[in-house]
Amino acid sequence: MNPTIESIRALEILDSRGHPTIRVMVKLDNGITASASVPSGASTGENEAFELRDGDASRYGGKGVLKAIENVTRTIAPRLVGMNPSGQSEIDHRLIELDGTPNKRKLGANAILGVSMAVARAAAQAADVPLYEYLGGADATRLPMPMMNILNGGKHADNSVDFQEFMVVPVGATSFAEAMRYGAETFHALKKILAAKGYATAVGDEGGFAPNLKSNEEACEVIVSAIESAGHKVGKDVAIALDPAASSFFKNGDYHLSKSGQGRKTSAQMNALYEQWLDRYPIVSIEDGLAETDWDGFRQHTAALGGRIQIVGDDIYVTNTEFIRRGIRERTTNAVLIKLNQIGTVTETIAAIDLCREAGWNYVVSHRSGETEDTFMADFAVAMGGGQIKTGSACRSERIAKYNRLLEIEAELGSRAVFTSPIARSCHGC
Ligand code: 2PG
Ligand code: MG
């Protein structure tokens, strides 16, 4: 007999930045319990699903999530108790219906996603299969290429770097475990290089270093040196991916590189800058190189560079099928960043991925800058089989927890594990 949901509870916990977030616990009538914790972004897209915060300045500076918790226990739980947890789509649609707003403003996407993920976990346990297999089927054997954010700037660090994320991508690795080693070795080499140059080696929100560099370019230069000094071939073994998160420095139609003092640029000048960078550095992927409202700029960016590298849309799509559909129609990018909490349910996130698959686009499953020790997204990345994940540096346990879970999955799959890069190596230095 199929188990049913017996109870749903929620707890206010803290995320990696020390801000409150929500953990949801689901209990089935056969005694199985499962929980899931919800992450939170800093450079959020305007059209993301709504994160419900209490706004009570006397608690956590207004960031408490007691209202979201009450929505789980008082509104959601009574409507889900008695349901079969393996009906993920039915449960998620009931959550969407219960909320009734286009962006989950009433109940909060944080409340809804916590329930959606915890239900999936409980159902996987009830089926006695790992979460990646439950969500992806028996063919879910592909481990993702990690994009490891080893140098942080933008809204994720108090430093002089405008671009938010400088990531290393171990494109030459032949297994996930080897990719981790390449990435971690490069991270440690970078620490030495920064220290030798007299820069700080404290880390930002995603575990990458956050030095006060002289320019944005210097970030690529020190990373190239780190790849070499770790004994890896630049571009062939380890390449670079960027997430400038350009919406965060876009004001009144222009891009303001004010943290580094590199001035104001138009959309066309940003595109020219990226083109120069591609000639100078082993870059294989650029995410949010332009702002979420700059659809024209993005189209030009993709027309100019999309044949050479992966162009990923994050804030512009917010994991929402409506925006992704437009992007596919207008060739705005050639890949999509996927974040469960941008849209708010497991089912809608899978629908976003299905659109990418239909269009033959790449997709990258991503963490948020505010994370917890929850590893749902690691299993989810394997389940979805897109072959890419972005979940921070080789530092900070909320990031490492995801990587460690992937190492565990690779070992568990043994000879069935597949590791192939969906992005080309950079010809830089070939
Ligand atoms: C991003 C994310 C994750 P945040 O912009 O891609 O790295 O940052 O969670 O702050 O939106
Ligand atoms: Mg981004």
Please verify whether T332 is crowded, with 24+ Cβ neighbours inside 10 Å, touching a Lys or Arg at 6+ places or on another chain (Cβ under 7 Å) and more than 19 Å from S40 (Cα to Cα), treating the condition exactly as stated. yes
Among the residues of segment 222-242, is any without any contact (Cβ under 8 Å) to a residue 40 or more places away in the chain, among the hydrophobic types (A, V, I, L, M, F, W, C) and assigned to a helix (DSSP H, G or I)? no
Hey, any hits in segment 54-71 for a residue that's within 16 Å of ligand 1 (Cβ to nearest atom), closer than 28 Å to F249 by Cα and either more than 20 Å from the chain's Cα centre (by Cα) or not in a helix (DSSP H, G or I) (or both)? yes
Determine whether segment 384-391 contains at least one residue that is of a type in the set (A, V, I, L, M), touching a Lys or Arg at 6+ places or on another chain (Cβ under 8 Å), outside any helix (DSSP H, G or I) and at pLDDT 95 or above. yes
Single residue of D315, D288, D294 found to be surrounded by fewer than 24 Cβ atoms within 10 Å (Cβ to Cβ) and either modelled with pLDDT under 95 or not hydrophobic (A, V, I, L, M, F, W, C) (or both): D294
Only residues that are away from ligand 1 (no atom under 15 Å from the Cβ), of a type in the set (V, I, T) and surrounded by fewer than 24 Cβ atoms within 10 Å (Cβ to Cβ): list them for segment 350-386, please. I350, I353, T375
I'd like to check something: does segment 53-67 contain any residue that is hydrophobic (A, V, I, L, M, F, W, C), surrounded by 15 or more Cβ atoms within 10 Å (Cβ to Cβ) and either over 27 Å from Q388 (Cα atoms) or free of Cβ contacts under 8 Å to residues at least 12 places away in the same chain (or both)? yes
Residue check: is T302 within 23 Å of the chain's Cα centre (by Cα) and not in a loop (DSSP other than H, G, I, E, B)? yes
Look at F380 and say whether it is touching a residue at least 40 places away in the same chain (Cβ under 8 Å), more than 26 Å from H19 (Cα to Cα) and of a type in the set (F, W, Y). no
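The values are calculated or read from the model by the stated rules, or taken from the named source; none is laboratory data. Quick caveat, the model's predicted, so the values are computed rather than measured. Heads up, the Cβs are rebuilt from the backbone with ideal geometry, glycines too, and the neighbour counts pull from every protein chain shown.
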